[in-house]
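K.L.:
My structure is below; once you've seen it, I'll send some questions.
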Amino acid sequence: MKVFLDTNILIDYLLKRHPFYDSAKKVFDMCLYKIDGYVTPHSLIDVFYMLSERTDATSDYCRETILKLRTVFCVVGENDASVLAAASNASFSDFEDSMQNESALFSGSDYIITRNKKDFENSTIPVVTADEFMSLFST
């Protein structure tokens with residue numbers, strides 16, 4: 001199974017944002033051992049920024065975190081074709097959400113996991129929260 005993680009799930013886990021942390025951790029654990037998780041390069045950019053701005057983390061720590069995330073998740077490439085597809089997709093009003101959706105489609109993900117399902121209400125991929133995903137697929 002393949003899942004695409006929206007940026008907010010990554011940040012919930014790394015910043016231990018409650019009440020979302022526990023569910024995000026369970027998804028991370030599933031991606032470590034049972035399923036394939038996908039993220040985008042710009043999600044990792046956002047993670048680096050959030051870690052450096054919201055914590056006292058050094059640049060070295062932020063870089064190491066990105067490298068560790070790469071061992072858990074596959075990074076889906078963004079290119080001219082995906083930018084064109086996202087920008088042309090009128091069913092998404094937010095370009096970032098449209099890019100995330102295009103990346104999820106490109107990766108062949110079975111689900112998009114996000115905290116903001118409304119951002120992906122026009123996706124052709126099923127969209128679930130971390131809690132919903134764990135309810136459906138935990139063993």
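K.L.:
Quick one: which residue in D110, D60, D97 is buried (at least 16 other Cβ atoms within 10 Å of the Cβ) and within 26 Å of K25 (Cβ to Cβ)?
P.N.:
Only one candidate passes the filter, namely D97.
K.L.:
Could you pull out the residue among K16, K68 that is of a type outside the set (A, V, I, L, M, F, W, C), open to solvent by 20 Å² or more (accessible area, probe 1.4 Å), more than 20 Å from E132 (Cβ to Cβ) and in a loop (DSSP other than H, G, I, E, B)?
P.N.:
Criteria check complete, one pass: K16.
K.L.:
State the number of residues belonging to the range 121-132 that are in contact (Cβ under 8 Å) with a residue 60 or more places away in the chain and either open to solvent by 70 Å² or more (accessible area, probe 1.4 Å) or in contact with a helix residue (DSSP H, G or I) (Cβ under 6 Å, 6 or more places away or on another chain) (or both).
P.N.:
Of the residues in that region, 3 qualify.
K.L.:
While we're here: Being hydroxyl-bearing (S, T, Y), open to solvent by 40 Å² or more (accessible area, probe 1.4 Å), more than 18 Å from V127 (Cα to Cα) and in contact with a helix residue (DSSP H, G or I) (Cβ under 9 Å, 6 or more places away or on another chain): is that true of Y33 here?
P.N.:
No, not satisfied.
K.L.:
Do any helices (runs of 4 or more DSSP H) entirely within the range 80-139 hold 3 or more residues that are at pLDDT 90 or above and more than 16 Å from I35 (Cα to Cα), and if so, which?
P.N.:
The helices (runs of 4 or more DSSP H) meeting that bar are 95-107.
K.L.:
Sticking with this one: I'm checking my understanding of the structure. Among residues of the range 36-52 that are of a type outside the set (F, W, Y) and surrounded by 21 or more Cβ atoms within 10 Å (Cβ to Cβ), which one is nearest to S109 (Cα to Cα)?
P.N.:
G37
K.L.:
Scan the range 55-66 and report the pairs whose first residue is in contact (Cβ under 8 Å) with a residue 40 or more places away in the chain and under 13 Å from L14 (Cα atoms) and whose second residue is among the small types (G, A, S) and surrounded by 11 or more Cβ atoms within 10 Å (Cβ to Cβ), with Cβ atoms within less than 8 Å and a gap of 6+ or a chain change.
P.N.:
Once the first residue is in contact (Cβ under 8 Å) with a residue 40 or more places away in the chain and under 13 Å from L14 (Cα atoms) and sits in the range 55-66, its partners that are among the small types (G, A, S) and surrounded by 11 or more Cβ atoms within 10 Å (Cβ to Cβ) give T65/A57.
K.L.:
Please verify whether L44 is under 16 Å from the mean Cα position of the chain (by Cα) and over 18 Å from P126 (Cα atoms), treating the condition exactly as stated.
P.N.:
Yes: the conditions hold for L44.
K.L.:
Between residues in the range 78-101 that are more than 21 Å from D46 (Cβ to Cβ) and residues that are of a type in the set (A, V, I, L, M, F, W, C), which pairs lie under 7 Å by C-beta distance while being six or more apart or on different chains?
P.N.:
If the second residue must be of a type in the set (A, V, I, L, M, F, W, C), no pairs are left.
K.L.:
Before we move on, is E102 of a type in the set (D, E) and either loosely packed, with under 12 Cβ neighbours inside 10 Å or farther than 25 Å from D131 by Cβ (or both)?
P.N.:
So E102 passes the test.
K.L.:
Condition check: hydrophobic (A, V, I, L, M, F, W, C), out of contact with any strand residue (DSSP E or B) (no Cβ under 9 Å at 6 or more places or on another chain) and closer than 15 Å to I11 by Cβ. Does L69 satisfy that?
P.N.:
Criteria not met by L69.
The values are calculated or read from the model by the stated rules, or taken from the named source; none is laboratory data. Just so we're clear, the structure is a prediction, and the values are computed from it rather than from any experiment. Note that each Cβ is placed from the backbone with ideal geometry, even for glycine, and that neighbours are counted across all protein chains shown. Ligands, DNA and RNA are excluded from the accessible area calculation, which covers all protein heavy atoms including side chains. Shrake-Rupley method; radii C 1.70, N 1.55, O 1.52, S 1.80 Å.
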